[in-house]
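Q: Mind looking over this structure? Questions follow.
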2 protein chains.
Amino acid sequence: MKFSCTQENLNRGLAIVSHIANKNANLPILGNVLLEAGKAGIRLSATNLEIGISCLVRGKIDEVGKITIPARLFADYINLLPNEKIDFIVKDQELEVACQKSHTKIKGLAADEFPVIPKVDSKKTYQLTTKDVKKAISSTAFAVAFDESRPEISGVYTIFKEEKATLVATDSYRLAEAKADLIGDKKGEESVIVPVRTYQEIIRILEEENESIEVNLNENQIQFTLGDIELVSRVIDGQYPDYTQIIPAEHRTKAVINIADFTKAIKTAALFCKSGINDIDLKLDKEKATITTSNTQVGENESEIEINLEGEPNQIVFNYRYLLDGLANIDSEEVELRLVDSVNPGLLLPAGQEGYFYIIMPIKQ
Amino acid sequence: MKFSCTQENLNRGLAIVSHIANKNANLPILGNVLLEAGKAGIRLSATNLEIGISCLVRGKIDEVGKITIPARLFADYINLLPNEKIDFIVKDQELEVACQKSHTKIKGLAADEFPVIPKVDSKKTYQLTTKDVKKAISSTAFAVAFDESRPEISGVYTIFKEEKATLVATDSYRLAEAKADLIGDKKGEESVIVPVRTYQEIIRILEEENESIEVNLNENQIQFTLGDIELVSRVIDGQYPDYTQIIPAEHRTKAVINIADFTKAIKTAALFCKSGINDIDLKLDKEKATITTSNTQVGENESEIEINLEGEPNQIVFNYRYLLDGLANIDSEEVELRLVDSVNPGLLLPAGQEGYFYIIMPIKQ
């Protein structure tokens, strides 16, 4: 095995794949990156058995072959080299690297011990813009449950249907739903629960230069293709709860509130919450919202902010953390808050926009 | 007690002092900030019993008085208020705060339980520019020992003599010395061991607008005055080791090396060190330095860099961490490395500059 490539190209490839490689006492090879020199270039791959990621790097191949090399060390080392041509040669399971006046030998492990990353070869293919995917993931994934006892809500429920991909996440206290447009040929209806870590990796590797992302599905895996990068992940087994039934169908109060003012008032109120108790009281009147907390330990706080109210005055108690999470993910200047009463969930929407909503369960007094 | 001030002024004052206040189970009042409304304005003070810091905030005093308030809560709360006038009034050991439409009550503790921060009223006064102080502290403090068994080297030895303040720090494996010019009237000779935490606080509160810093000394305390801020700290008891005897008086090799190249080559070599062993081998020849490591576990590395050598070729083994620390703190493009042999300490200087040096003990092979 003998090849050469530029430091810049290899460095980018290693930054993308090496993140997934991690030390594993039972299976040390999972800490390695697989290097395959073939006709098309040098393919770098890493896997943690849940997610596999690979990236093709351009280079000059003098002799095809493959080897695995400690990922962290290799990525750190290549990152420190100057942006010049690097020559590689494998001898006796050892990778020799030469770049200008730096000479290095790194011990590897045989490539045939590296776990096979499955390829999803299905006809269920969808295409989305990277911009839409990024927005849909980041405005939902934060709401998943980190509760191992309910694996089905530890992922993001992803539905491909008609012209849209719909992403849903909940931890049963709050729920976020975002829609993204499908582009290109739309294929039949399909739904899948994607581990949150997988979507976090997608966000990490999304690059400006890739305009679209392709999604392939089968029963057990989901594959994302972004230019020369492929990411394959297992999907979560199980039945996602029927979340549509908790979406409040009507409301008695609709308040439009400036998000920056609302956020500041909630953060101020939160300072006065008793440790471990995150309740804040929200009162909606004709032209103002009043946010209060009282904590006999440290003091009390009351803030008023201007709002635009339609319908009846109302009152509700929320966990301020869920409220702040929702506001932080509404990409708009104003939020529309819809309430029925103090026992039904509240609905938050970006004012005047479609494609996103966030539901919070109230705290019953 | 009744006063008002702007959010901006109070926020700046709290950012400066509240950092020192910390929860303390035995003495809860140490988590509070002392507010004293007097003729000159509102004085904010906090202490951890080792360091006391106070800052005067301008405001309108309607009724003098004092109270202590939980520092973290108060600082966070004021930080979230809009930049407007804030009104304060104390009733029954409770601070009532009103700012626009936000109304808050915070429970306090009686001011007379707050520890007295001593005032250093000595005639031993020195003046330095903030720029010089910042540079001298940051290029030495990193080298102190974090070893409680030798308290005298856990601080920065500070000598005022003739026209200079000299700061020295060592952990017995390496040593840094920086000099700063005294301005204004010079006073007699004096030396003191200042806790590293004290200097870290000084760096934190140095502001662009203060041009000079005043230092007052007595036997047990050191006081720094920066405009309207005063910081008083205990000093460390003990005899600082006579460090001048380890400064190599002569050398056989003098190499001038580009710091960026040298740093990259050391970091590359360091990747190949065996875990827990930080030795790298440095060989200085006529026109090049060769940096090598070998680690039979993962591989080996050899890098060459260009240097400018005067005197004999030489070879030495250093702990790469100490070498990187020194290079990171030399404010110059090139470093001058002076060696005697492989058993005597190496000396690093910013090439062509005075006022700073760094010594590293070699690792004997």
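Q: List the pairs from A:66/A:107; A:66/A:101; B:135/B:187 whose alpha-carbon separation is above 19 Å, in the order I gave them. Mind dumping the intermediate values first?
A: Details: A:66/A:107 13 Å; A:66/A:101 25 Å; B:135/B:187 22 Å.
Violating the 19 Å limit, Cα to Cα: A:66/A:101; B:135/B:187.
Q: Now for a different question. When the helices in chain A are scored as -39500 (n - 2.57) per DSSP H run of 4 or longer and the sum is shared across all residues, what 222 nm value do you end up with, to the nearest 500 deg cm²/dmol?
A: Numbers: 6 runs with 61 residues, N = 365.
So the calculated ellipticity at 222 nm is -5000 deg cm²/dmol.
Q: Just to be sure I understand the model, the point goes 7 Å from the Cα along the line to the Cβ. What's the resulting residue B:85 to residue B:26 distance in nm?
A: Simple spin-label model gives 4.6 nm for this pair.
Q: Are there any trypsin sites (Lys or Arg not before Pro) in the stretch B:120-213 that are in a DSSP loop and have at most 13 other Cβ atoms within 10 Å? List them by number. Write out the running numbers ahead of the final one.
A: On the way: sites: B:123, B:124, B:131, B:134, B:135, B:161, B:164, B:174, B:179, B:186, B:187, B:197, B:204; in loops: B:123, B:186, B:187.
Here the sparse-neighbourhood loop sites are B:123.
Q: Separate question: Let me know the shape class of the stretch A:240-313, please: from the alpha-carbon gyration tensor, a ≥ b ≥ c as square roots of the eigenvalues, rounded when a/c is under 1.5, otherwise prolate if a/b is greater than b/c, or oblate. Could the numbers behind the result be given before it?
A: Working: a/c = 2.39, a/b = 1.32, b/c = 1.81.
Cα axes put the stretch A:240-313 in the oblate bin.
Q: Name the residue from A:25, B:320, B:224 whose Cα lies farthest towards the positive end of the charge dipole of the protein assembly as shown, charges +1 on Cβ of Lys and Arg and -1 on Cβ of Asp and Glu.
A: After comparing all options, I get A:25.
Q: For chain A, state the semi-axes of the equivalent ellipsoid (square roots of 5 times the eigenvalues of the alpha-carbon gyration tensor), sorted largest first and rounded to whole angstrom.
A: Working: eigenvalues 471, 101, 65 Å².
Largest first, chain A gives 49, 22, 18 Å.
Q: Identify, among B:240, B:255, B:269, the residue whose Cα sits farthest towards the positive end of the charge dipole of the stretch B:177-272, taking +1 on the Cβ of Lys and Arg and -1 on the Cβ of Asp and Glu, with the dipole about the Cα centre.
A: Result: B:269.
Q: The stretch B:6-53: D in µm²/s via Stokes-Einstein (Kirkwood Rh, Cα pairs, 10 °C, 1.306 mPa s)? Provide the component values of the computation, followed by the final result.
A: Working: Rh = 11.3 Å.
Here the translational diffusion coefficient equals 141 µm²/s.
Q: Count, for each residue of A:103-112, the Cβ atoms from other chains sitting within 10 Å of its Cβ, then give me the mean as a whole number. Walk me through the intermediate numbers first.
A: Details: counts 6, 10, 7, 6, 6, 2, 0, 0, 0, 0.
Average neighbour count from other chains, rounded to a whole number: 4.
Q: Could you give the C-alpha radius of gyration of the stretch B:319-365 expressed as a fraction of 2.2 N^0.38 Å, taking N as the number of residues it contains?
A: Values: Rg = 10.7 Å, N = 47, 2.2 N^0.38 = 9.5 Å.
Taking the Cα Rg and dividing by 2.2 N^0.38 Å, one obtains 1.12.
Q: Provide the net charge surrounding residue A:175, with neighbours chosen by a C-beta distance below 13 Å and charges set as Lys +1, Arg +1, Asp -1, Glu -1. Could you put the intermediate results ahead of the total?
A: Details: positive: A:174; negative: A:171, A:177, A:242, A:325.
That sum, taken over residues with Cβ under 13 Å, equals -3.
Q: Shifting gears a bit: Per residue of the stretch B:171-188, what does 6.51 cos²θ - 1.76 cosθ + 1.60 with θ = phi - 60° give for ³J(HN,Hα)? Whole Hz please, x for Gly and Pro, Karplus curve as stated.
A: These are the phi-based 3J(HN,Hα) values: 10, 6, 9, 8, 8, 10, 10, 10, 10, 10, 6, 7, 10, x, 5, 7, 10, x Hz.
Q: Next question, about the same structure. In nm, what does the list of distances from residue A:328 to its counterparts in the other copies look like, shortest first, when each label sits 7 Å along Cα to Cβ?
A: For residue A:328, the inter-copy label distances come out at 2.9 nm.
Q: How far is the Cα center of the stretch A:29-101 from the Cα center of the stretch A:177-220, in Å?
A: So the two Cα centres are separated by 28 Å.
Q: Please name whichever of A:114, B:351, B:67 sits farthest to the positive end of the charge dipole of the protein assembly as shown, dipole taken about the Cα centre and charges placed at Cβ: Lys and Arg +1, Asp and Glu -1.
A: In the protein assembly as shown, that residue is A:114.
Q: Under 17 Å Cα to Cα from residue A:119, which aspartates and glutamates show up? Leave out anything in the same chain fewer than 8 places away.
A: List returned: A:36, A:50, A:214, A:219, A:228, A:230.
Q: To continue, here is another question. Any idea how far apart residue B:40 and residue A:267 come out in nm if each label point goes 7 Å out from Cα toward Cβ?
A: 3.3 nm
Q: Answer rounded, prolate or oblate for the stretch A:89-156, using the Cα gyration tensor with square roots of eigenvalues a ≥ b ≥ c: rounded when a/c is under 1.5, else prolate when a/b is larger than b/c, else oblate.
A: prolate
Q: Report the convex hull volume per residue for the stretch B:248-360, counting only C-alpha atoms, in Å³. Walk me through the numbers before you get to the answer.
A: Numbers: hull volume 10.3 nm³, N = 113.
Residue-normalised Cα hull volume stands at 91 Å³.
Q: Quantify how strongly other chains surround peptide A:288-297 by giving the mean number of their Cβ atoms within 10 Å of each of its Cβ atoms.
A: Values: counts 1, 0, 1, 1, 1, 1, 1, 2, 1, 2.
The per-residue average across the peptide is 1.
Q: Within 10 Å of each Cβ in peptide B:64-71, how many partner chain Cβ atoms are there on average? Round it to a whole number, please.
A: Working: counts 0, 0, 0, 0, 0, 2, 4, 0.
Per residue, the number of nearby Cβ atoms from other chains is 1 on average.
Q: On the Cα set of the protein assembly as shown, report Rg and Dmax in Å, please.
A: Computed over the Cα atoms of the protein assembly as shown, radius of gyration and Dmax are 32.0, 90 Å.
Q: At q = 0.10, 0.18 Å⁻¹, what is the log10 ratio I(q)/I(0) for the stretch A:125-243, with the Debye formula run over Cα points and no solvent?
A: -0.26, -0.88
Q: Let me ask something additional. Enumerate by residue number the trypsin sites (Lys or Arg not before Pro) in the stretch B:284-340 meeting two conditions: DSSP loop (anything except H, G, I, E, B), and at most 10 other Cβ atoms within 10 Å of the site's Cβ.
A: On the way: sites: B:286, B:288, B:321, B:338; in loops: B:286.
Qualifying residues, ordered by number: B:286.
Q: Relative contact order of the stretch A:248-360: what whole-number percent is it, with Cα pairs under 8 angstrom and at least 6 residues apart?
A: Values: 245 pairs, mean separation 35.2, N = 113.
Relative contact order of the stretch A:248-360: 31 percent.
Q: With a sphere of radius 12 Å drawn around the Cβ of residue A:19, what net charge do the other residues whose Cβ falls strictly inside it have (Lys, Arg +1; Asp, Glu -1)? Numbers along the way, then the final one.
A: Numbers: positive: A:72, A:197, A:204; negative: A:201.
That sum, taken over residues with Cβ under 12 Å, equals +2.
Q: When the Kirkwood radius is taken over all Cα pairs of the stretch B:2-113, what Stokes-Einstein diffusion coefficient follows at 37 °C and 0.692 mPa s, in µm²/s? Walk me through the intermediate numbers first.
A: Values: Rh = 13.8 Å.
D = 239 µm²/s.
Just so you know, all these numbers are worked out from the coordinates, no wet-lab data involved. Remember, it's a predicted structure, so these values are computed and weren't measured experimentally. No Cβ is skipped: glycine too gets one built from the backbone with ideal geometry, and neighbour counts run over all protein chains shown.
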